[in-house]
Amino acid sequence: MEPIILASSSPRRQEILTKLGVPFRVIMPEIDETIPENMEPEVIAELFATKKVDAVMRTIPSGQIVPWIFGADTIIVLNGKVYGKPENQEQAAEFLNEFSGREQTVISAMALFNGKLNYLSTRINKTKVRFSKMSAEEIEWYVNTGEWHGAAGGYRVQGMASCFIEHIEGSYSSIIGLPIFEFYDILKEQGYSILE
């Protein structure tokens, strides 16, 4: 298998690629992750995923062909409000307070660039997550675990946040940051086989 450049610093995405046996190297893209106003949430997630691919492409020396670059992004939506990564502990607590007892939508978008065909394709997954009602004490306890750092919405479903998640409708791997079905599908569409 040819190595893929992973345009992401997410350890979870790296773990998933490793489990699938996909060879990769990481180039952390530098992009502005300010959430644009008046843009559909699916478009925002897809924009960030493609911006990561584009940012990595611009670091490749001219004349060098890069077969594959993969980027992904996850955002959370509740009542039309888009949540990215909290900037600090206070914002993480604010996010969790808003999620408490409510259902939100986790949107994961991915973009795969095929350098041989000079072609970019994208996929989106939407998964619903319902939190139980959380007390102020529970929110403070969770925020103090530090799991909110670098996580969309300020929580990690594979960590201690699972104590408060009542129901998931959709893809568990998408909440972690990389919907495996859609990832496999986008690779297959491009002729990249992980069955070797």
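The values are calculated or read from the model by the stated rules, or taken from the named source; none is laboratory data. Fair warning: this is a prediction, and the values are worked out from it, not measured in the lab. Cβ: placed from backbone, ideal geometry, glycine included. Neighbour counts: every protein chain shown.
Picking from residues in region 58-88 that are farther than 26 Å from Thr127 by Cβ and in contact (Cβ under 8 Å) with a residue 12 or more places away in the chain, the one that is surrounded by the most Cβ atoms within 10 Å (Cβ to Cβ) is Val66.
Would you say Ala45 is in a helix (DSSP H, G or I) and within 12 Å of the chain's Cα centre (by Cα)?
The answer is yes for Ala45.
Screening Ser162, Ser174, Ser121, Ser132 for residues that are small (Gly, Ala, Ser), more than 21 Å from the chain's Cα centre (by Cα) and over 16 Å from Val82 (Cα atoms) leaves exactly one candidate, Ser132. Annotation note: of Leu195, Leu112, the sole residue that is touching a Phe, Trp or Tyr at 6+ places or on another chain (Cβ under 7 Å), within 17 Å of Ile16 (Cα to Cα) and not β-branched (Val, Ile, Thr) is Leu112. Within region 83-101, is there a residue that is modelled with pLDDT under 95, part of a strand (DSSP E or B) and either small (Gly, Ala, Ser) or more than 21 Å from Phe181 (Cβ to Cβ) (or both)? Within region 83-101, one or more residues are modelled with pLDDT under 95, part of a strand (DSSP E or B) and either small (Gly, Ala, Ser) or more than 21 Å from Phe181 (Cβ to Cβ) (or both).
Pairs meeting the criteria (first residue in region 168-190 and under 16 Å from Glu46 (Cα atoms), second residue among the charged types (D, E, K, R) and outside any strand (DSSP E or B), beta carbons under 8 Å, at least 6 apart or on different chains) are Ser174/Glu182; Gly177/Arg12; Gly177/Arg13; Leu178/Arg12; Leu178/Arg13. Those residues that are at pLDDT 95 or above and either within 20 Å of Val106 (Cα to Cα) or in contact with an Asp or Glu (Cβ under 7 Å, 6 or more places away or on another chain) (or both), I need them from region 128-147; list them, please. If the condition is that a residue be at pLDDT 95 or above and either within 20 Å of Val106 (Cα to Cα) or in contact with an Asp or Glu (Cβ under 7 Å, 6 or more places away or on another chain) (or both), then Lys128, Val129, Arg130, Phe131, Ser132, Lys133, Met134, Ile139, Tyr142, Val143 are the ones that fit. Quick check on region 59-80. Is at least one of its residues part of a helix (DSSP H, G or I), of a type outside the set (D, E, K, R) and out of contact with any Ser or Thr (no Cβ under 6 Å at 6 or more places or on another chain)? Checked region 59-80: no residue is part of a helix (DSSP H, G or I), of a type outside the set (D, E, K, R) and out of contact with any Ser or Thr (no Cβ under 6 Å at 6 or more places or on another chain).
Of all the criteria given as (1) touching a Phe, Trp or Tyr at 6+ places or on another chain (Cβ under 6 Å); (2) free of Cβ contacts under 8 Å to residues at least 60 places away in the same chain; (3) of a type outside the set (S, T, N, Q), the one not satisfied by Val26 is (1).
The condition of being surrounded by fewer than 16 Cβ atoms within 10 Å (Cβ to Cβ) and more than 30 Å from Glu2 (Cα to Cα) holds for only one of Gly154, Gly191, Gly159, that being Gly159. Go through region 3-40 and give me each residue that's surrounded by fewer than 19 Cβ atoms within 10 Å (Cβ to Cβ), closer than 16 Å to Val56 by Cβ, modelled with pLDDT of 90 or more and among the charged types (D, E, K, R). Result: Arg25, single match.
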